[in-house]
Amino acid sequence: MWEINGKLIKAFGLLLSVLLLFCYNAEAQKVTLSGVVKDAANGETLLGAQLVLFDTLNRTEQMTTLSNQAGFYTITVRPGTYVAVVLLFGYGEWHDTLTLAKNRTLNIELSHASIMANEVVVSADRADHNVSSVDVGKMAMSIETIKAMPSLMGEADVLKSVQLLPGVQSGGEGNSGFFVRGGSADQNLIMLDGATIYNPSHLFGFFSIFNANAVKNVEITKSAMPAYYGGRLASILDVSQMDGNLKQWQADGGIGVIFSNITVQGPIKKDRCSLILSGRRTYIDWLVQPFLTKESPVKGMKFYFYDLNGKLNIVINDKHRLFISGYYGSDVYGFKSRSGGTMAQFQWSNGAGTLRWNYIISPKLFLNTVATLSDYQFTTKIGMSVYSFSIKSAVRDYGLRTELTYIPTTKHNLRFGLHYVFHRILPNNYAIQAGENNNLSIPQSPPFYAHELAIYVNDEYDVARWLKLNLGLRYTHFEHVGSFVRYILDDFGYVADSVTYKPGEIVKQYNYVEPRIAARFLLGKTTAIKASYTLNFQYLHQVNMATISLPVDVWMPSTDIVKPQIGNQVSLGIYQNFHKDMFEAYIDGYYKWMQNQVEYRDGLDFSWLTINPDQMYAFGKGYSWGVEFFLKKNTGRFTGFIGYTLSYTKRQFDALNNGKPFYAKYDRRHDVTVSLNYTIIRNKLDIAAVWVFASGNKMTIPLGYYFFGGTMMTEYSERNAYTMPPYHRLDLSLTWTICKRKHFETSLNFSVYNLYNQKNPFFIFYETDMHTLTNGTGQMTNFSLTTKAYQMSLFPIIPSITWNFKIK
């Protein structure tokens, strides 16, 4: 079907053989302890649980390992007697004395534990994970932390919580789009259970598609991407759904001002098979419509969105486990005039499906195979009298990933695998209708078809106590294939000829190798220096017309015209823990340089309807550099974090801004976040506050007017030469746990968004007034134009209340 560089694949095989040989040791003298770590209350597998083995003969010697996303852990040691301890934030400590004379399987269940002010507990993955791990730019947020944060309309939002982290910038007021370390919004790979989500927003970006009650883990990687991640330049946001309670049936829900949600989960067969179903919907349309008169201009207006999540968890036996999960969400907004002559409707939807098979092949070898489906569709229709105009676009992916994790010793954690995706991308297609039987003919852009393949190997290697490495290599192959028609343009931009490609015929292919390296140097028990270098290639592109992500922003694959985006990033930081790991902090600097960046060409006219969509773009380079500061308190009644980012982001396109460099529209010099939580009464009353400050986005403004050939023209500033006013806001929430019993819990959440009613800019628009001077006969003798800028603000102070409950 398509050619793959055989030499590169052979080189990967040789590299893998060398790594396996390098990792090999005298297994006859070693034993392996392995198993799965689970939540004792519901059977959910636990990510990041730390297992520590203390040798009873040599108390100073200890070995550690962490559980993966499937809860699987493995550790290889000399035969002997050990004290085993398992630690995880939010759970009680598990410990036992183990005599290991041969390989042993041990599944461990952890129980939830309260965190008291004077307790010393493990934070995130482990107490010193901030210092001891080789993770650079990787951060996790627990779903409990996300739910505790103040939020718009009282609805916990995964994406808005992630925007609070250093190096992650929001797309603007109320927007769930985000930009990471100078990258554009399309340079973030967003995954739900391994399936790609192409538009993670509801209500034009004011809310995200992730229902917090159905989410288990949230991780974002901003730099030092391991080789098993790829396809984007800026970040990877990996969101995992809950597996479902294997122990007992329970129902969780909440009723808010404009949202309600319900989640039901439980065992179909205890400890063997579970099901979770979750739904969420807005109902402001239901509440408002009955009170509107027939003459109201918004009578009959559609304004809602909903989400549905589901997952089936099947434990076949101790070695095999199967997961079937799905998500579907849709937005519908529209209105129709009272006379019926004018109407508009916007509708878009996201669908994702995953079939995952986990297989513990041996105590040291773990297989994870995932088949995925991603589907995104957008349609809009606008009508007036007998005329109507519609737009449709879509993206559909079919993917397959298989990966082996091999842990031969405590010094090596090897992951190698293959990832294939078939893309079908439909750019904007337009239709115009004038009357019932009068359709105007507009050239339609057929779907783009593409194959994407990645083969990778990654090793996390403990070289010495003070040195840990993460080494990776990723080979990527991309093909744009037919059927496809390439239009050949003349010097004036009009179609002069065309080339037709048959179905499956290669239009253009790319092959690249991406090296990845990260290193951690311990300077003591509580201090480390971390450094990384990453090379990424991105084959899918989204070009935005506005400063915020909108559903009409379509995706485009790499073609013979649109080259893959290339991103290089280096980072260097110092990481420090304080006061017995109660506090953790880091300062991390980065520099990123990018090639083949994509923007719309200036001066587009209606001729773009007759050409290929990728012929509308301009291409250039990008640069971003900055430094992040982060301080977090993990334990006690008072917790929270402070983050600050200083950053610069520039672009340079030969075809834009006269070839001169310009700031990116999402360049923001300063970003500050303060997130604080305080337990007033344990298990009864909690308060949380979030304050954010951000420099304004960049924008291009009109400077004046002139006449050319009798036509008045607008003169604009250089591209993105002006900065909008800064953005800042304080949110507050109070959670009152009314009742917390064995089988029933209920609480009220009071939330205030934008407490001091700051009028933040949503966008700036301009109005021009003409003033004329006339003589005594009424003839105009002179005129002047005055242009004024106006700021549109979106959200004033918004209080909300949400009632939450749990029945089990």
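The values are calculated or read from the model by the stated rules, or taken from the named source; none is laboratory data. These numbers come from a predicted model, not from an experiment. Counting neighbours? That spans all protein chains shown, and the Cβs are built from the backbone with ideal geometry, glycine included. For the accessible areas, the whole protein counts, side chains as well, though only heavy atoms, and no ligand, DNA or RNA atoms are used. Shrake-Rupley method; radii C 1.70, N 1.55, O 1.52, S 1.80 Å.
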TODO: Among residues belonging to region 54-67 that are in contact (Cβ under 8 Å) with a residue 40 or more places away in the chain and open to solvent by less than 40 Å² (accessible area, probe 1.4 Å), point out the one that is nearest to Val239 (Cα to Cα).
DONE: Thr65
Task: Options Arg668, Arg719: the member that is open to solvent by 40 Å² or more (accessible area, probe 1.4 Å) and assigned to a loop (DSSP other than H, G, I, E, B) - done: Arg719
Open item on the list: Pairs needed: first member in region 215-232, farther than 14 Å from Val180 by Cβ; second member anywhere, among the small types (Gly, Ala, Ser); C-beta distance under 6 Å; at least 6 residues apart or different chains.
Closed with: Lys216/Ser240; Asn217/Ser240; Pro226/Gly472; Ala227/Gly472; Gly230/Ala454
TODO: Please work out if Ile488 is over 30 Å from Gly137 (Cα atoms), of a type in the set (Val, Ile, Thr) and in contact with a strand residue (DSSP E or B) (Cβ under 9 Å, 6 or more places away or on another chain).
DONE: yes
TODO: Would you point out which residue out of Ala371, Ala394 is farther than 30 Å from Gly35 by Cα and either assigned to a strand (DSSP E or B) or modelled with pLDDT under 90 (or both)?
DONE: Ala394
Open item on the list: Given the condition at pLDDT 90 or above and either open to solvent by 20 Å² or more (accessible area, probe 1.4 Å) or touching a Phe, Trp or Tyr at 6+ places or on another chain (Cβ under 8 Å) (or both), answer yes or no: does some residue in region 602-620 qualify?
Closed with: yes
Open item on the list: Could you go through region 182-192 and let me know if any residue there is touching a Phe, Trp or Tyr at 6+ places or on another chain (Cβ under 7 Å) and at pLDDT below 90.
Closed with: yes
Open item on the list: For region 464-484: of the residues being aliphatic (A, V, I, L, M) and surrounded by 14 or more Cβ atoms within 10 Å (Cβ to Cβ), which is farthest from Arg415 (Cα to Cα)?
Closed with: Val481
Task: Among (1) in a strand (DSSP E or B); (2) within 25 Å of the chain's Cα centre (by Cα); (3) charged (D, E, K, R); (4) within 30 Å of Ile391 (Cβ to Cβ) - the single one Lys563 does not satisfy - done: (1)
- [ ] Report the residue count in region 176-195 for those that are within 19 Å of Trp625 (Cα to Cα) and β-branched (Val, Ile, Thr).
- [x] 1
Task: Some residue of region 374-397 being under 29 Å from Asn413 (Cα atoms), surrounded by fewer than 20 Cβ atoms within 10 Å (Cβ to Cβ) and among the aliphatic types (A, V, I, L, M) - done: no
- [ ] For region 468-559, please list each of the strands (runs of 3 or more DSSP E) lying entirely inside it that holds at least 1 residues being among the aromatic types (Phe, Trp, Tyr) and in contact (Cβ under 8 Å) with a residue 24 or more places away in the chain.
- [x] 484-489, 506-522, 527-538, 555-557
Task: Pick from region 578-601, criterion closer than 25 Å to Val485 by Cα and touching a helix residue (DSSP H, G or I) at 6+ places or on another chain (Cβ under 9 Å), ranking: modelled with the highest pLDDT - done: Val598
- [ ] Run down Tyr575, Tyr501 and say which single residue is assigned by TED's automatic domain parsing to the domain that holds Ile382, touching a Phe, Trp or Tyr at 6+ places or on another chain (Cβ under 7 Å), among the hydroxyl-bearing types (Ser, Thr, Tyr) and surrounded by 20 or more Cβ atoms within 10 Å (Cβ to Cβ).
- [x] Tyr575
- [ ] Inspect region 544-556 for any residue being in contact with a His (Cβ under 9 Å, 6 or more places away or on another chain), modelled with pLDDT under 95 and crowded, with 16+ Cβ neighbours inside 10 Å and give the result as yes or no.
- [x] yes
- [ ] Looking only at region 143-164, decide whether some residue is touching an Asp or Glu at 6+ places or on another chain (Cβ under 8 Å), open to solvent by less than 40 Å² (accessible area, probe 1.4 Å) and at pLDDT 90 or above.
- [x] no
Open item on the list: Being part of a strand (DSSP E or B) and more than 27 Å from Ala464 (Cα to Cα) is true for just one of Leu404, Leu414, Leu400. Which residue is that?
Closed with: Leu400
TODO: Would you be able to tell me the number of residues in region 80-115 that are surrounded by fewer than 16 Cβ atoms within 10 Å (Cβ to Cβ), under 22 Å from Asp318 (Cβ atoms) and of a type in the set (Val, Ile, Thr)?
DONE: 2
Task: Which listed residue is open to solvent by 10 Å² or more (accessible area, probe 1.4 Å) and farther than 17 Å from Val215 by Cα, from Gly172, Gly183 - done: Gly172
Open item on the list: One residue is enough: does region 216-228 have a residue meeting the conditions open to solvent by 60 Å² or more (accessible area, probe 1.4 Å), over 30 Å from Ala344 (Cα atoms) and either within 27 Å of the chain's Cα centre (by Cα) or at pLDDT 95 or above (or both)?
Closed with: no
Task: Any chance Gly43 is in a loop (DSSP other than H, G, I, E, B), at pLDDT below 85 and open to solvent by less than 40 Å² (accessible area, probe 1.4 Å) - done: no
- [ ] Would you check which residues across region 739-754 are farther than 18 Å from Ala156 by Cβ and either touching a residue at least 24 places away in the same chain (Cβ under 8 Å) or part of a loop (DSSP other than H, G, I, E, B) (or both) and list them?
- [x] Lys740, Arg741, Lys742, His743, Phe744
Open item on the list: Condition (residue is in a loop (DSSP other than H, G, I, E, B), out of contact with any helix residue (DSSP H, G or I) (no Cβ under 7 Å at 6 or more places or on another chain) and either open to solvent by less than 30 Å² (accessible area, probe 1.4 Å) or modelled with pLDDT under 90 (or both)) applied to region 449-463: is it met by at least one residue?
Closed with: no
